[in-house]
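The values are calculated or read from the model by the stated rules, or taken from the named source; none is laboratory data. Owing to the predicted nature of the structure, the values given are computational and were not obtained by experimental measurement. Ideal geometry is used to build each Cβ from the backbone, glycine not excepted, and the neighbour counts take in all protein chains shown.
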Amino acid sequence: MADETPDNEEATEAAKAAAADAAKALEAVEAEAAMELPATDIEAAVPVPPAAPTASAAETPAEEGARPNRRKVREGIVVSDAMTSTVVVAVVERVRHPKYGKTVQRTKKLYVHDAEDSAKVGDRVRVQETRPLSKLKRWRLTEVVERAR
């Protein structure tokens, strides 16, 4: 570094000063953020990984709600209720055309398990994905959002 010119030395010193200022500012922000939250809120704000599962927790995953529910949920209109404990629901999906960009409506008919036969034609219903119940049924009725008029 003996061959540095005064201009390069000044630039280096300025960069070091700017880095030091940035580090001080970061420390100040972190200290301020820590002071704003009470001790109880810090635990809520910062996720803490759960402790290693014990044998009793592994035996009862349904009670703990350990398995997240990743099933699809759709909303549609009942178009047929002629079958026993099954309704046909039309779900409209709006998608953009891959090439032309225009929004297109696509309608999909889902066969839905309705154990109580509560849904009637014209009802707006919410359905959830489930295991295969028959050749075509892979959805179950979770709720009737709006009754037909």
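See the values below:
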{"quantity": "Filter pass, SER134 being surrounded by 12 or more Cβ atoms within 10 Å (Cβ to Cβ) and of a type in the set (S, T, N, Q)", "calculated": "no"}
{"quantity": "LYS137 part of a loop (DSSP other than H, G, I, E, B) and modelled with pLDDT of 95 or more", "calculated": "yes"}
{"quantity": "Answer from VAL112, VAL121 - the residue that is among the aliphatic types (A, V, I, L, M), assigned to a strand (DSSP E or B) and surrounded by 10 or more Cβ atoms within 10 Å (Cβ to Cβ)", "calculated": "VAL112"}
{"quantity": "Selection within segment 1-17 - surrounded by 10 or more Cβ atoms within 10 Å (Cβ to Cβ) and either modelled with pLDDT under 60 or β-branched (Val, Ile, Thr) (or both)", "calculated": "GLU4, THR12"}
{"quantity": "Segment 92-117 - residue that is among the aliphatic types (A, V, I, L, M) and under 19 Å from LEU141 (Cβ atoms) and, of those, modelled with the lowest pLDDT", "calculated": "ALA115"}
